[in-house]
Amino acid sequence: MSVSIPPPNDPVALTRHWLERAVIGLNLCPFAKAVYVKQQVRFVASDATTPEALLEALIAELEFLRDADPQAIDTTLLIHPQVLTDFLDYNDFLDVAEAAVTELDLDGEIQIASFHPDYRFADSYEDAIENYSNRSPYPMLHLLREASVERAVDAFPDADGIVDRNTATLRGLGLTGWRQLMAMPDD
């Protein structure tokens, strides 16, 4: 894994930077490195500017992932920088996204994980460091194959402890450490 300097305002490059530095670098998701190194992560930057257009893009990506060879594409990051930038609107859209999974008869096959620059767990205050485990550079829907998630969880000795380890890691890092970790050389 090499850390490169992403161009400013490039959603895919900045998402890769976040994935390499935070998700993999801090081991926030112990399953991410393997699929990233094997180049099985599909990065899609949507140009949607409305929730309706994002829903169309989401349906297309759900169908694409369903039909793709899992050895080639295991997971998709649907990045949508121009829509649902307000976290509460984004959070409301997650019900629409889950309904699309159900409508396509993909329950049990594909699940959606949520990431947003302003992500906030229900029981936390706005700037709680724990929120940063789900804070990405742009709003994003992460489409995961459930079979892959199950295999990864089965192979990981203490999958139930991931949240607690992430909380400890992020608290040890603190907001200043997070900002330093994510800073671009020109920042």
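What follows is calculated from the coordinates using simple rules that are stated; it is not laboratory data. Note that the structure is a prediction, hence the values are computed from the model and not measured. All Cβ positions, even for glycine, are placed from backbone atoms using ideal geometry, and neighbour counts span all protein chains on display.
Residue order for SER148, SER133, SER46, SER124, fewest other beta carbons within 10 angstrom first, comes to SER124, SER148, SER133, SER46.
Computed with the Debye formula from one identical point scatterer per Cα of the chain, without solvent, the log10 of I(q)/I(0) at q = 0.09 Å⁻¹ comes to -0.31.
Could you give the Stokes-Einstein D for the range 30-107 in µm² per second, using the C-alpha Kirkwood radius, 20 °C, 1.002 mPa s? Answer, rounded: 159 µm²/s.
A straight chain from ASP86 to LEU175 at 0.36 nm per residue would run longer than the Cα-Cα distance by 29.9 nm.
With both labels modelled 7 Å from their Cα along Cα-to-Cβ, the ALA168 to GLU63 distance reads 4.6 nm. Between the range 127-178 and the range 42-68, the alpha-carbon centres lie 23 Å apart. Gyration tensor analysis over the Cα atoms of the range 66-158 returns equivalent ellipsoid semi-axes of 24, 18, 12 Å (largest first, whole Å). Here r is the Cβ-Cβ distance between MET184 and PHE156 and R0 is 25 Å; the resulting FRET efficiency, rounded to 0.05, is 0.20.
Comparing the range 126-187 with the 2.2 N^0.38 Å rule of thumb, its C-alpha radius of gyration ratio is 1.38 (two decimals). Around the Cα centre of the chain, unit charges on the Cβ atoms of Lys, Arg, Asp and Glu (plus for the first two, minus for the last two) sum to a dipole of about 1040 debye. On full extension, the segment bounded by GLN111 and GLU52 gains 19.3 nm, given 0.36 nm per residue less the C-alpha separation.
Multiplying the residue separation of LEU94 and PHE43 by 0.36 nm and subtracting their alpha-carbon distance yields 16.4 nm.
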